[in-house]
Structures are given as structure tokens and as C-alpha cells.
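Working notes, structure below.
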Amino acid sequence: MGVTDRWMRKLLVRMKQEVDGGIVHWLRGRESNWRLPERLRAKVVKLEKAKYHDFGPTLACEYLAMDDTVEVSRETLRQILIAAGLRRSKRRQLEPELVAKTFLSGSADEAITSESAFYMYRLAVEDMGAGLLQTPMRDQTFDLAAIAHAVTSRTKVIYLGNPNNPTGTIFTADDLDHFLAAIPPRVLVVLDEAYFEYVQRPDYSRSVGCVRAGKNLLVLRTFSKVHGLAGLRLGYGMGHPELIECLQRIRSPFNASSLAQVAGMAALNDTEHAAKSVENNRVEMKFLTSELTLLGVRYTPSFGNFLLVDTGRDCEEDFIRLLHEGIIVRPMKLYGFPTSLRVTVGRHQDNIQFLETLKRVLAEPVKI
């Protein structure tokens, strides 16, 4: 049976009354599982009127002020786009969709990404009626050489995720530099770095430096992960001024709510909460992977806040069994991993419950 979000929502309504006294362990959505600090929530509550406001320049200043090497000027502010975050809607305010709407205009145009990349890239391109080329992955990450080789005169946009969702794999800053050097300047490279805060490697990313150098690169980031603001849907993009100006023309006005923008400004200043989220994720990721190894369950080493777990069985069947016991994960058949589940790294009690339940599920025979 195919698993859809609509089907799952209906089942959840019933489950909350039947499972474990109403306790459901949500390990599906890749958002932060750590409670927002009171000081951040208080700032949002203080916003007396949710009027139409566009605090983009202010939010950009808050972001740039965290980097002492950047001089805040009118020019640098033109390199940042504040928009509603990663959500799919008819207004196309999801950044990958906004890019597709801006730069793709039908079947004469083409975009490239990899197989098993974030599914929204594919949907964004298909919505515009453009062609889509998906190159095979190498070691479950983007094969940048294969993508560069696949570029044609029709190619307008390339979508990359680093870390990639759902595998959690990365490519290095040197890899990106070599890739950008091989791509014609007319082709826009969209680099989705939604999970960049979790990556603790010095060779990981110099994407902001590439933007400052004027590369035809759009870097996408979000407040939904480390900052814990998934419900407010706020994200931002960084690119050269001419690129941001094109996107601003298509973006509908006031598409990011004033509540979201105020929360975003508060979150950027709350470095303590972000650091705790990263550390909690590191500790719990180590716990999860160690326990999965003891269970003999394979997984892909991840630099994000989630794991691709390969049970070696039908993922949708295991998903439904876990769901009936109050554990909500994501089956990965749609992404080309028919025996894998994507599991968000939760709080310690969530992870313990997941592991205990998974052990019981794996002891049950697979339906034939």
C-alpha cells in the first residue's frame, strides 16, 4: 500500500487516542526536537500586531552582524533574500520552486539534480513543465563530475543538497570549487544547505565566500532545523545582487509572516540554543548509530540530524508497523531506497523508544 501524508494524518488522529496514552514519537520531519528557550518565545509573544511587514533588510543585518569579516552595506544586503521557508504551496514560495518559476519556462529548458536528492527539486521543475535530468549518485552522495558532464545548452539550473536529504552525505568545499569551475557561468547552481550547522568538519563549506566572489550560486538555508522554528516556515537565500533581484520580482510580497521574521531575528542572536541543539544532535547521533550497529542494522553515516536506516525489508511495511506503535518515521521507497527508513535524531527518550520498537518489528516476519 502506498503511504501518503493524507493517509498518515487520518491515522494519527486515531492513534493519539489509542497509543501509549496519546504519546507519539515524531521522528519523521527532520526538524529540531529541542524545546525553544523561553526568551525566544517571549519575543514572539510581545509582537502585539501581526501586520504585514517585511523585515528582510533588518534580518539580513542581524545575520551579517554575526560575521565580523563582513562589512554591512547596501551592497551586501542586496545579496540576501528572506522568504517563507521550505514548504510546498500554490504560491510557490518554497525556494527551489521560486527558483524554478524564475528561471525555467517550459520544455525548452532543463534542470539537473541527482537521483535520491530532495524530492521537492523534482516537483519544482515538473511544475514548470521543464525537462529534468537526474544523474546517479556515487556513494549515496552527489556525483558532481557526472552532473558537470551532463550539462547541455538547455541546462538552466542545477540543484544540489549538502548535506543531502535523505542520505545525510556531504561533498567538501574543494569539491564545490572544482565543480563551479566546470559549470558554464550562465547556469545557476542552487546549493541547499538546510543542515549546514550540524556539519562539524573544517573542509565542509565555503559557499558564502563563493557568493561574495560573484559566482552564479544561490545558497539556501533555513530556520527550521537547528533554530527550531519549523512551524513558522522561514528561510533565506544568498546570491549575487542581480540574482536576488530577479527572485525578488517573482516572490510575492509579505510572504514571510512578521511573527516568523521576529522569531528569526531572535533565533540568530540565541547562539546558546543553537550550540545546544548541535551538541544534543551529536550525542544522540552517536547513541543511535552505536545501538543500530549492535542490532546489526545498516545505516548511512550522516552529517545531518537524521539517519537513513536500511532494515533490509519492505520499508512501507516496517513504517506501518512502527506507526501503529507510536513511532513516526519516513519510508524512503519514493527516493529509491525500498528497504530504508529516514529517522530524525530525537531526544534521548524518543531514540530509546524507537530502538526498542524497531527491535520488536524486526523480529516479526515480513509479509510475502
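Once the piece of chain linking I320 and D175 is laid out straight, how much longer is it, given 0.36 nm per residue of separation minus the C-alpha distance between them? Kindly include the intermediate steps, with their values, before the conclusion.
On the way: separation 145, 0.36 × 145 = 52.20 nm, distance 3.90 nm.
The span from I320 to D175 would gain 48.3 nm if fully extended.
What shape does segment 221-331 take by its C-alpha gyration tensor, where a ≥ b ≥ c are the square roots of the eigenvalues and a/c under 1.5 counts as rounded, a/b above b/c as prolate, and the rest as oblate? Write out the running numbers ahead of the final one.
Details: a/c = 2.38, a/b = 1.91, b/c = 1.25.
Cα axes put segment 221-331 in the prolate bin.
Using 31 Å as the Cα-Cα cut-off, could you pick out the over-long pairs in K276/K359; K156/K286; K215/K286; K333/K359; K225/K359?
Numbers: K276/K359 29 Å; K156/K286 40 Å; K215/K286 36 Å; K333/K359 21 Å; K225/K359 28 Å.
Going by Cα-Cα distance, K156/K286; K215/K286 fall outside the 31 Å limit.
Between segment 312-368 and segment 94-129, what's the alpha-carbon centroid distance in Å?
Using only Cα atoms, the two centres lie 30 Å from each other.
Amide H of A130: which non-local residues (sequence gap of 5 or more, or other chain) have their own amide H closer than 5 Å, using H built in the peptide plane?
G106
What order, most packed first, do the peptides 353-359, 202-208 have when packing is the mean number of other Cβ atoms within 10 Å of each residue? Kindly include the intermediate steps, with their values, before the conclusion.
Numbers: 353-359: 18.6, 202-208: 16.3.
Final packing ranking: 353-359, 202-208.
Could you tell me which residue out of S258, F303, H324 lies farthest along the dipole of segment 207-341 toward its positive end? Charges go on the beta carbon: Lys and Arg +1, Asp and Glu -1, centred on the Cα centre.
S258
For a footprinting-style exposure proxy, rank C246, C315, C210 by other Cβ within 10 Å, fewest first. Don't skip to the end; give the middle numbers.
Values: C246 16, C315 25, C210 22.
Ascending number of Cβ neighbours within 10 Å: C246, C210, C315.
Pull out a ≥ b ≥ c, the square roots of the eigenvalues of the alpha-carbon gyration tensor of segment 161-208, then state rounded if a/c is under 1.5, prolate if not and a/b is larger than b/c, and oblate in the remaining case. All intermediate terms of the calculation are to be shown ahead of the outcome.
Numbers: a/c = 2.22, a/b = 1.59, b/c = 1.39.
It is prolate, given that a/c is not under 1.5 and a/b is the larger ratio.
Take each of the peptides 128-141, 154-167, average the number of other beta-carbon atoms within 10 Å over its residues, and list them starting from the highest.
154-167, 128-141
Once fully extended, how much extra length lies between R154 and E272, figured as 0.36 nm per residue of separation less the alpha-carbon to alpha-carbon distance? All intermediate terms of the calculation are to be shown ahead of the outcome.
On the way: separation 118, 0.36 × 118 = 42.48 nm, distance 4.60 nm.
Value of the extension gain: 37.9 nm.
Between segment 140-206 and segment 258-289, what's the alpha-carbon centroid distance in Å?
For segment 140-206 versus segment 258-289, the Cα centre distance is 24 Å.
Using a Förster distance of 35 angstrom, determine the FRET efficiency expected from the C-beta separation of Q200 and A145, and round it to 0.05. Don't skip to the answer; put the middle values down first.
Working: r = 26 Å, r/R0 = 0.75.
Once rounded, the FRET efficiency stands at 0.85.
We did not get these values from a lab; they are worked out from the coordinates using the rules stated. Everything numeric in this text was worked out from a predicted model, so none of it was measured. As a convention, Cβ positions derive from the backbone with ideal geometry for all residues, glycine included, and neighbour counts pool all protein chains shown.
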